[in-house]
1. Working only within the stretch 259-282, note down all residues that are touching a residue at least 12 places away in the same chain (Cβ under 8 Å) and more than 13 Å from ALA318 (Cα to Cα).
2. Here are some conditions: (1) at pLDDT 95 or above; (2) over 28 Å from PHE38 (Cβ atoms). ASN134 meets all but one. Which one does it not meet?
3. When the residues of the stretch 158-185 are filtered to those that are in a helix (DSSP H, G or I) and in contact with a helix residue (DSSP H, G or I) (Cβ under 6 Å, 6 or more places away or on another chain), which remaining residue is nearest to VAL110 (Cα to Cα)?
4. Could you grab the pairs with beta carbons closer than 6 Å, sequence gap of 6+ or different chains, first residue in the stretch 195-211 and in contact (Cβ under 8 Å) with a residue 40 or more places away in the chain and farther than 12 Å from LEU320 by Cβ, second one β-branched (Val, Ile, Thr) and assigned to a strand (DSSP E or B)?
5. Can you confirm whether the stretch 53-68 contains a residue that is buried (at least 24 other Cβ atoms within 10 Å of the Cβ), in contact with a Leu (Cβ under 7 Å, 6 or more places away or on another chain), not hydrophobic (A, V, I, L, M, F, W, C) and not assigned by TED's automatic domain parsing to the domain that holds LYS250?
6. PHE191: closer than 21 Å to GLY52 by Cα, of a type in the set (Phe, Trp, Tyr) and part of a helix (DSSP H, G or I), yes or no?
7. Mind checking which residues of the stretch 155-177 are surrounded by 16 or more Cβ atoms within 10 Å (Cβ to Cβ) and more than 20 Å from the chain's Cα centre (by Cα)?
Amino acid sequence: MADIKEEGTIVMKKLENLEWNPKWVSHLGCVKGCLEYFGRDVSAAWLFGATGHAFVINIHEVVCPSGPTAWNTEMLSSLGKNLGYEVDGVFSHRGMDNFEEIREKAWELVKKSIGEGNPCYGWELSVPEYYIVNGYDDDNYHFSGPIMEGAKDTKPWKELGESEIGVIAMHSVNPCEPADDAKTVKDALAFALEHATSPEKWIFPKYKAGLDGFDLWMKALETNTAHGMGMAYNAEVWSECRGYAVDFLKEAKERLGNDNLAPLFDEAISHYDVVARHLKSVQELFPFLERKDEHIQDESRRAKAIEALKAARAAEAAGLKSLERIAAEL
């Protein structure tokens, strides 16, 4: 940790070499950056898969851009222990009585954690995404993450949560002893299956998960009610996730080295490879960085996306059955 001084007075504390790892799932990009800071050799695929996120889908009825982040993500903390990290934190939103109190607690959490050499990450220090907090000064958070060109990489702590969304979420990350690979894979698949088939604990009203999420996504395209930016953002996020699902299953097969499980992993890999390829097609039809308003109004483009989502859904259904068989054997 570096203390940057001016005329003998400490004005900023900063954790050196702590940066956000660029991912469409910015939450996991923060965790990846924290793990790299700790010197933990955890692949992106193992992180996405072991937390279950690689197998998640969460779609709003009009494909709102909130879909990838507006759900109960506590499993990223609980399953993270299997990977060797623990998360502590505070949360509030503008409708709660403790909003101002939590804003102060978030500030104190960051100062304490960084003072002890532990990284932090928080919600919406710039755009509505997650950011690594790698330092602070007398009045500001210093952060690393997705920002618009020319935007600041600092935020006054007293302004945290002052946005249309109005949420405060700040977390500290500490290293711990990871679990063995078999437990890590079993816990991840158990969560993935629960989120896909019994998601009540994990999702909010007007959102759907699992195969119902694919159905809702297609319905929004069929009725031309899908949000343009949301369509592009969801496509990027869920395409990234399923790509890592394939890589996670390959890594899990290799790590476990179980001849009896190998055919089941091969089956699951084949199904999720199909899902990943078709979601990649949707992403290419609705690219986020090159998005145009007319994309979502293009009937032919929407029809192609619907066909790709139908194929992805069918493969996802088969893939979930494969995950269930693997989990039963672990």
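1. ASN260, LEU261, ALA276, HIS278, LEU279, LYS280, SER281, VAL282
2. All conditions are met except number (2).
3. That would be THR184.
4. Final answer for the pair search is LYS208/ILE59.
5. yes
6. So PHE191 passes the test.
7. Scanning the stretch 155-177 gives LYS155, TRP157, LEU160.
Here's the yes/no breakdown for (1) under 22 Å from the mean Cα position of the chain (by Cα); (2) surrounded by fewer than 20 Cβ atoms within 10 Å (Cβ to Cβ):
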position	(1), (2)
GLY257	no, yes
PRO287	yes, yes
ASP293	no, yes
ARG302	no, no
ILE306	no, yes
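The values are calculated or read from the model by the stated rules, or taken from the named source; none is laboratory data. As the structure is a prediction and not an experimental result, all values here were calculated from the model. Backbone-built Cβ (ideal geometry, glycine too); neighbour counts: all protein chains shown.
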